[in-house]
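Novice: Quick one: the structure is below, questions incoming.
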Amino acid sequence: MNILIIGSGAREHAIAAALHRSSQHPHIFCYGTSVNPGIKQMAHQYRVGDITDVNAITHIAKEWQISLAIIGPEAPLEKGLADALWAIAIPTVGPKKKLAQIETSKGFARDLMTKYNIPGLPRYQIFHDMKEVDTFLHQLGEGQYVIKANGLMGGKGVKVAGDHLHSFAEAIAFCREILDAGQTFLIEEKLVGQEFSFMCFCDGKHIVPMPIVQDHKRAFVNDKGPNTGGMGSYSDVNHSLPFLTEEDVSQALHINEWVIKALSSELNERYMGVLYGSFIATQHGISVIEFNARFGDPEALNVLTILESDFVAICQAVVSGNLLTTPAQFAKQATVCKYAVPQGYPDTPIKDVIIDISAVKNKSHLYLAAVHAVDGQIYATGSRTAAYVGVADSIPAAEIISEKEVCGINGPLFHREDIGTEQLIQQRVDHMRRLREKKG
């Protein structure tokens with residue numbers, strides 16, 4: 001069986017590793033933006049190119065006689081790569097372009113939730129120009145709003161009042177910036193609570209949940225500094241999180257289910273892939289921050305590392321509609337993932353510096369990300385460089401492993417030492433307790 005992975009980051013490295021463990025022993029092929037040596041050593045063939053070049057990818061997929069494709073990042077989904085692969089009879093894990101709007105258009109996602117009465121919706125308004133922007137900002141109140149570009153902007157399209165925007169004037173300037181980039185935008189009420197990621201496998205009719213994960217967006221210890229693609233994440237032994245109730249988990253899972261049903265009704269297409277609900281637990285219950293149409297990064301690293309079932313079989317079930325009869329078992333263990341990133345990341349990262357991973361002992365839990373291998377050397381290319389996932393019987397024990405091993409990734413890099421520590425998790429538990437008490 002020839003399986004094609006689109007993308008070459010740590011998420012795709014984790015996908016490749018999960019496929020490689022399968023008893024079906026598939027041939028792995030990769031089409032990525034750079035040479036990730038972790039993926040390459042498992043790959044039958046590897047091609048570097050533009051992962052949004054649909055024609056080039058479909059051409060090589062035919063040449064390689066691919067039997068199944070898995071799309072890692074969101075940009076190829078937006079370009080309709082899944083549609084093109086299905087059109088040449090290659091089953092694809094990753095939704096078609098219309099369905100991927102659940103991620104690629106925040107306005108579409110909010111309006112879908114409104115139309116189908118799906119709970120968890122904050123107050124929002126979509127804007128095509130600057131009319132009424134000032135009015136709506138003042139209705140929400142100073143420091144009580146979030147501004148989001150409607151489409152993909154490479155992680156630069158969201159700013160939060162109080163964190164990134166410190167006045168209505170700054171908010172209005174950011175709105176103009178989005179319009180100047182050719183996008184429309186949303187203004188939403190700011191939600192206060194604890195965020196979490198809840199990913200599910202979907203076959204168009206059924207969804208199967210994965211362990212819940214909490215990501216850490218801020219660059220520096222104690223949630224300081226600018227937002228990033230994600231500095232690391234953790235999951236717990238019971239596949240929930242210490243600050244969530246059973247009701248929280250049930251509500252979030254139902255929202256994911258209702259969104260899949262709504263997409264099917266609205267677009268008359270089967271959603272085959274991963275739906276990733278980005279949720280926030282607040283004093284009033286669960287709200288939706290956004291949806292993603294693929295595995296999260298770093299969240300995929302946590303869940304795929306402890307996947308016990310055959311990942312090839314799960315992917316086959318996703319594209320054939322047989323998820324309910326295919327086991328998706330995850331080890332009852334905790335995980336802590338920490339990313340090593342270049343000095344200066346995310347705003348002014350150093351680039352093209354050599355890193356050395358020889359000191360990392362258990363390389364099966366090491367995932368390479370924004371790197372390029374040349375002549376036996378690994379170069380960090382300027383974004384998140386490499387991640388390590390510690391696995392143990394508790395979060396603190398997994399954190400100790402992750403911290404020790406991530407320090408073995410040598411080079412001009414840094415990481416967040418506090419991810420997964422008892423102190424940081426307790427802060428989050430205490431924060432949620434205070435919010436729930438306020439409601440009481």
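The values are calculated or read from the model by the stated rules, or taken from the named source; none is laboratory data. None of these values were measured; they are calculated from a predicted model. Heads up, the Cβs are rebuilt from the backbone with ideal geometry, glycines too, and the neighbour counts pull from every protein chain shown. Accessible surface is based on the protein model in full, side chains and every heavy atom, while ligands, DNA and RNA are left aside. Shrake-Rupley method; radii C 1.70, N 1.55, O 1.52, S 1.80 Å.
Conditions (1) within 22 Å of the chain's Cα centre (by Cα); (2) of a type outside the set (Val, Ile, Thr); (3) open to solvent by 20 Å² or more (accessible area, probe 1.4 Å); (4) closer than 20 Å to Leu244 by Cβ, marked per residue:
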{"residue": "Tyr339", "(1), (2), (3), (4)": "yes, yes, no, no"}
{"residue": "Val353", "(1), (2), (3), (4)": "no, no, yes, no"}
{"residue": "Lys361", "(1), (2), (3), (4)": "no, yes, yes, no"}
{"residue": "Asp375", "(1), (2), (3), (4)": "no, yes, yes, no"}
{"residue": "Gly382", "(1), (2), (3), (4)": "yes, yes, no, no"}
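Novice: Right, next: Looking only at segment 127-143, count how many residues are small (Gly, Ala, Ser) and exposed (fewer than 13 other Cβ atoms within 10 Å of the Cβ).
Specialist: 1
Novice: Pick out the one residue from Val237, Val213 that is closer than 29 Å to Glu437 by Cα and open to solvent by 10 Å² or more (accessible area, probe 1.4 Å).
Specialist: Matching residue, one of Val237, Val213: Val237.
Novice: Quick one: how many residues across segment 132-161 are at pLDDT 95 or above and basic (Lys, Arg)?
Specialist: 0
Novice: Oh, and also: Among the candidates Val192, Val146, which residue alone is in contact with a strand residue (DSSP E or B) (Cβ under 8 Å, 6 or more places away or on another chain) and open to solvent by less than 40 Å² (accessible area, probe 1.4 Å)?
Specialist: Only one candidate passes the filter, namely Val146.
Novice: Quick one: in segment 240-256, of everything that is assigned to a loop (DSSP other than H, G, I, E, B) and under 19 Å from the mean Cα position of the chain (by Cα), which residue is surrounded by the most Cβ atoms within 10 Å (Cβ to Cβ)?
Specialist: My answer is Leu241.
Novice: Name the pairs: first residue in segment 18-36 and farther than 19 Å from Leu366 by Cα, second residue open to solvent by 10 Å² or more (accessible area, probe 1.4 Å) and of a type in the set (Asp, Glu), Cβ to Cβ under 7 Å, at least 6 apart or on different chains?
Specialist: Ser23/Asp310; Gln24/Asp310
Novice: Quick check: anything in segment 169-177 within 27 Å of Ile126 (Cα to Cα), crowded, with 20+ Cβ neighbours inside 10 Å and of a type in the set (D, E, K, R)?
Specialist: no
Novice: Leu323 is checked against (1) farther than 30 Å from Ile187 by Cβ; (2) at pLDDT 95 or above; (3) open to solvent by 10 Å² or more (accessible area, probe 1.4 Å); (4) over 20 Å from the mean Cα position of the chain (by Cα) and fails just one. What number does that condition carry?
Specialist: (3)
Novice: Please indicate, with yes or no, whether at least one residue in segment 289-312 is modelled with pLDDT of 95 or more, part of a helix (DSSP H, G or I), touching a helix residue (DSSP H, G or I) at 6+ places or on another chain (Cβ under 8 Å) and open to solvent by 40 Å² or more (accessible area, probe 1.4 Å).
Specialist: Within segment 289-312, none of the residues are modelled with pLDDT of 95 or more, part of a helix (DSSP H, G or I), touching a helix residue (DSSP H, G or I) at 6+ places or on another chain (Cβ under 8 Å) and open to solvent by 40 Å² or more (accessible area, probe 1.4 Å).
Novice: Does segment 384-421 hold any residues that are closer than 27 Å to Ala281 by Cα and part of a loop (DSSP other than H, G, I, E, B), and which are they?
Specialist: Listed by number, the residues that qualify are Asp393, Ser394, His415, Arg416, Glu417, Asp418, Ile419, Gly420, Thr421.
Novice: With the requirement that a residue be of a type in the set (Phe, Trp, Tyr) and either open to solvent by less than 30 Å² (accessible area, probe 1.4 Å) or within 17 Å of Glu290 (Cβ to Cβ) (or both), what does segment 67-126 give you?
Specialist: Across segment 67-126, the qualifying residues are Phe108, Tyr116, Tyr124.
Novice: Within segment 216-234, restricting attention to residues that are at pLDDT below 95, open to solvent by 60 Å² or more (accessible area, probe 1.4 Å) and not in a loop (DSSP other than H, G, I, E, B), which residue is nearest to Ala397 (Cα to Cα)?
Specialist: Ranking the qualifying residues of segment 216-234, first place goes to Asn222.
Novice: Determine, yes or no, whether Val259 is crowded, with 21+ Cβ neighbours inside 10 Å, closer than 18 Å to Ile395 by Cβ, among the aliphatic types (A, V, I, L, M) and touching a helix residue (DSSP H, G or I) at 6+ places or on another chain (Cβ under 8 Å).
Specialist: No, not satisfied.
Novice: Which residue pairs have Cβ atoms closer than 6 Å, lie 6 or more positions apart in sequence or on different chains, and pair a first residue in segment 422-440 that is in a helix (DSSP H, G or I) with a second residue that is among the polar types (S, T, N, Q) and at pLDDT 95 or above?
Specialist: Arg428/Gln194; Met432/Gln194
Novice: OK, next. When both residues are 6+ apart or on different chains and their Cβ atoms are under 9 Å apart, which pairs have a first residue that lies in segment 185-214 and is without any contact (Cβ under 8 Å) to a residue 60 or more places away in the chain, and a second that is among the hydroxyl-bearing types (Ser, Thr, Tyr) and surrounded by fewer than 23 Cβ atoms within 10 Å (Cβ to Cβ)?
Specialist: Ile212/Ser240
Novice: Tell me which of these Ile60 doesn't satisfy, since it passes every other one: (1) among the β-branched types (Val, Ile, Thr); (2) assigned to a helix (DSSP H, G or I); (3) more than 30 Å from Ala169 (Cα to Cα); (4) open to solvent by 20 Å² or more (accessible area, probe 1.4 Å).
Specialist: Only one criterion is unmet by Ile60, namely (4).
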